[in-house]
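J.: Next up is a structure, given as structure tokens.
Derivation of every value follows stated rules applied to the coordinates shown; laboratory data play no part. This structure is a prediction, so every number in the text was calculated from the model and none was measured. Note: ideal-geometry Cβ built from the backbone for every residue, glycine included; neighbour counts use all protein chains shown.
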């Protein structure tokens, strides 16, 4: 099912296309695009589909990707680090969450201000002797660097951050703050 024809003008303008450019890319006439946008003609299904498919393709390729908004290199902590040092690292770098690595550099969890505060509220914090692994939270979800930011934004509804992978290795990280900067 095709979207409403009335959306053509809005989408075309958002993509920064002229009627002529859209017509050329869609292999239809510029006058057809103008008439459809003005609501003066109801085009054949095949012509409408050509235009809508072109707009859909352009929108998918115009959307920023995870690699465009990620922060790299990743700053992380080891699961064996003292919690007090990890918290200092978070403060020093201005981060509210960090990925946690094991001794082999694999991401095994995450550390966030939220988890530290929750542990403190429960009276579980002996910050001088406690290690990160004692308050470890689940690892952040991960995506490839070519994932559209709309998908990353969806993951950020439930996660503190999203890891960006390059060749199956963590390469960058996207937080809600990074996403807001991209807008």
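J.: Can you tell me the length gained on complete extension of the stretch residue 40 to residue 24, counting 0.36 nm per residue apart and subtracting the Cα distance? Walk me through the numbers before you get to the answer.
T.: Values: separation 16, 0.36 × 16 = 5.76 nm, distance 2.02 nm.
Here the segment from residue 40 to residue 24 would lengthen by 3.7 nm.
J.: Starting from the 7 Å offset along Cα-to-Cβ, what nm value, one decimal, do you get for the label separation of residue 64 and residue 7?
T.: Distance between label points: 2.3 nm.
J.: Just how far, in whole angstrom, is the stretch 37-79 from the stretch 167-183 if you go by their alpha carbon centroids?
T.: 18
J.: So what's the stretch 1-154 giving for Cα Rg divided by 2.2 N^0.38 Å, two decimals?
T.: 1.69
J.: For helix 45-62, what angle does its Cα long axis make with the longest principal axis of the chain, in degrees from 0 to 90 and rounded to 10?
T.: 30
J.: Need one word for the stretch 1-52: rounded, prolate or oblate. Basis is the Cα gyration tensor (sqrt eigenvalues a ≥ b ≥ c); a/c below 1.5 gives rounded, then a/b vs b/c decides. All intermediate terms of the calculation are to be shown ahead of the outcome.
T.: On the way: a/c = 1.33, a/b = 1.18, b/c = 1.13.
Rounded, since a/c falls under 1.5.
J.: What's the whole-number percent of alpha carbon pairs in the stretch 67-182 lying beyond 26 angstrom?
T.: Details: 1198 of 6670 pairs.
Percentage above 26 Å: 18.
J.: What nm value, rounded to one decimal, do you get for the distance between residue 144 and residue 183 when each label is placed 7 Å out toward the C-beta?
T.: Calculated label separation equals 2.7 nm.
J.: If each residue of separation counts as 0.36 nm, what is the full-extension length gain between residue 15 and residue 136 once their alpha-carbon separation is subtracted?
T.: The residue 15-residue 136 span can extend by a further 39.2 nm.
J.: Further question: To test your reading of the geometry: what angle, between 0 and 90 degrees and rounded to tens, separates the Cα axis of helix 83-93 from the longest principal axis of the chain?
T.: 40
J.: Go ahead and estimate [θ] at 222 nm for the chain from helices alone: -39,500 (n - 2.57) per DSSP H run with n ≥ 4, summed, over the residue count, rounded to 500. Let's see the in-between values first.
T.: Numbers: 9 runs with 81 residues, N = 183.
-12500 deg cm²/dmol, from helical runs alone.
J.: Considering the chain as a Gaussian network with a 10 Å cut-off on Cα pairs, which listed residue, 13, 106, 91, attains the greatest mean-square fluctuation?
T.: 13
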